């Protein structure tokens, strides 16, 4: 397979960028875009040189892989349909509405022998790529992901909308099972939690303090990792990373470090390139269905703990 034939299902706020990138991505051919809004589907298709459909099933038999950016509530329905049709699937985060749906997707992909990837784009942020290899046995992690009030993703609370990015990163960076957590969530502008904080304790002894908000005046996406003799920080929005390390000297220890070299590629471009390359080379994508399932399971655990706390208040 020299060129992977692709389609994007759902070309709203995020999906239109999937289409934009796939239409010019080396090794990929954008065959079609699909959206229930026919006018929107046609507009994006025209700009990308692809066919437009309102029913995703029309692409079966014409593509090798699909990128799914429909509302979370129908992720599993569309993804399972594509998988059963023999298509490799990249689905946006959160990968499903429930862990049970995620399990069904992972099982179906394994049974059908197709790839299942999950769009945790922050894994492909060049700042993340530069910093995470330097994180080793962290003892304390602090992450803030604050955003202004959105016009989309209001069908899910802030844990599944924003915090899940950082839960995925924590599981990757710490590499240890979660031993316990304390959480709080507040509904401010919607019936669902708009701001949440989770203090997560891992079996390794690491403690992570994670805050996510979609009612902030300022946009902040930063993480700080503290480990023995070293400090690593990531600014996801600015795509910058720093590391400082304590180095023994002849007299007193010396602090060395500074800003890390970070590439300038667009994270979504790198995510889609990784997925298309994985389909072509028949290797697992960087963020597998199982990884997406683990992030969803932890997000669900956080959300359920928030509901328990709210019920006791």
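The values are calculated or read from the model by the stated rules, or taken from the named source; none is laboratory data. No experiment lies behind these values; they were computed from the predicted model shown. We place every Cβ from the backbone using ideal geometry, glycine too, and count neighbours over all the protein chains shown.
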Residue check for residue 79: in a helix (DSSP H, G or I), closer than 30 Å to residue 302 by Cα and assigned by TED's automatic domain parsing to the domain that holds residue 273:
yes
So, in the stretch 142-182, exactly how many residues are more than 17 Å from residue 120 (Cβ to Cβ) and buried (at least 23 other Cβ atoms within 10 Å of the Cβ)?
1
Looking at the stretch 183-196, which of the residues that are part of a loop (DSSP other than H, G, I, E, B) and more than 20 Å from the chain's Cα centre (by Cα) is surrounded by the most Cβ atoms within 10 Å (Cβ to Cβ)?
192
With respect to residue 47, determine if the residue is free of Cβ contacts under 8 Å to residues at least 40 places away in the same chain, out of contact with any helix residue (DSSP H, G or I) (no Cβ under 7 Å at 6 or more places or on another chain), in a helix (DSSP H, G or I) and assigned by TED's automatic domain parsing to the domain that holds residue 87.
yes
Filter result (surrounded by fewer than 18 Cβ atoms within 10 Å (Cβ to Cβ) and part of a helix (DSSP H, G or I)) within the stretch 275-288
277, 280, 281
Please verify whether the stretch 76-87 includes one or more residues that are closer than 28 Å to residue 240 by Cβ, surrounded by 17 or more Cβ atoms within 10 Å (Cβ to Cβ) and touching a residue at least 40 places away in the same chain (Cβ under 8 Å).
no
Name the residue that is farthest from residue 228 (Cα to Cα), counting only residues in the stretch 102-130 that are crowded, with 21+ Cβ neighbours inside 10 Å and over 17 Å from the mean Cα position of the chain (by Cα).
109
